[in-house]
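Taking it in order: structure first as structure tokens, then the write-up.
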Amino acid sequence: MPVLDDLIVRAERTAEVAHALLRATRLPERWEARGAEVHLVGSLATGLLLRHRDIDLHLYTRRLEPRDGFAIAAEVKPQRLTFANLSETSERCIEWHLWFPGDGGLWQVDVIQMAHDSPYKGYFEHRAARIRSVLTPETRAIILALKDAAPQEAQIPGILFCMAVLRDGIRDWPSFQHWHATHPLMGILDWCP
């Protein structure tokens with residue numbers, strides 16, 4: 001089907017642009033040079049990035065020290081930066097959200113810094129790998145079609161599209177809207193296929 005083929009081509013093009021941004025900013029290498037273990041997670045890691053220009057990096061460090069993140073931000077000069085120190089919460093992380101102009105508009109890079117002993121270490125990487133391993137051409141096309149149908153302002157986390165399609169068999173936008181209304185996301189979703 002040409003529409004589904006177009007979605008696949010668009011997703012591949014979006015992924016190329018995202019990887020080009022990571023190469024240009026050298027964010028993973030900058031963190032690795034400071035001793036971090038860096039992992040790509042989220043929609044880019046699963047091959048399901050489409051319209052929402054969002055790149056997710058998780059990194060693990062010996063200490064949760066904001067100084068490195070601020071130094072890296074000074075080097076890469078994002079157009080916008082937000083920071084949240086959640087090291088004293090159950091999530092035990094520091095969040096960096098950086099925005100960069102790029103092909104197709106403004107890109108958001110979410111960098112979540114966690115301690116090596118974080119209870120979430122490896123969890124999101126494992127989930128991305130599992131999603132990639134269970135995707136079929138049909139389910140990938142359906143997830144991309146649902147993401148494309150969603151209003152831009154809806155800001156629906158990509159994992160909900162995956163869960164709806166892969167776990168609950170959702171196949172179209174009206175069914176997803178009903179499913180989403182009955183499956184609100186509260187905190188960190190622990191579902192993994």
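For the chain, the alpha-carbon radius of gyration amounts to 1.04 times the rule-of-thumb value 2.2 N^0.38 Å expected for a compact globular protein.
Amide H to amide H, with H built 1.01 Å from N, residue 107 comes under 5 Å of 100, 102, counting only residues 5 or more places away or on other chains. This ranking places 70, 161 by how few other beta-carbon atoms lie within 10 Å of each, fewest first, which gives 70, 161. Spherically averaged projected area of the convex hull of Cα atoms, the range 52-125: 5.3 nm². Restriction of the trypsin sites (Lys or Arg not before Pro) in the range 53-99 to DSSP coil positions whose beta-carbon has at most 13 other beta-carbons within 10 angstrom yields 62, 63. Look at the dipole of the range 1-154 built from charges on Cβ: of 149, 134, 59, the Cα furthest out on the positive end belongs to 59.
Between residue 138 and residue 173, the modelled labels are 2.2 nm apart [label points 7 Å from Cα along Cα→Cβ]. How far, in degrees from 0 to 90, does helix 123-134 lean away from the longest principal axis of the Cα atoms of the chain, to the nearest 10? So the helix axis and the longest Cα principal axis differ by about 30 degrees. Take the alpha carbon atoms of the range 1-59, find their center, do the same for the range 121-136, and report the distance between the two centers in whole angstrom. Their Cα centres are 15 Å away from one another.
Values in this text are rule-based calculations from the coordinates and carry no lab data. For clarity, every value in this text was computed on a predicted model and none was experimentally measured. Note that each Cβ is placed from the backbone with ideal geometry, even for glycine, and that neighbours are counted across all protein chains shown.
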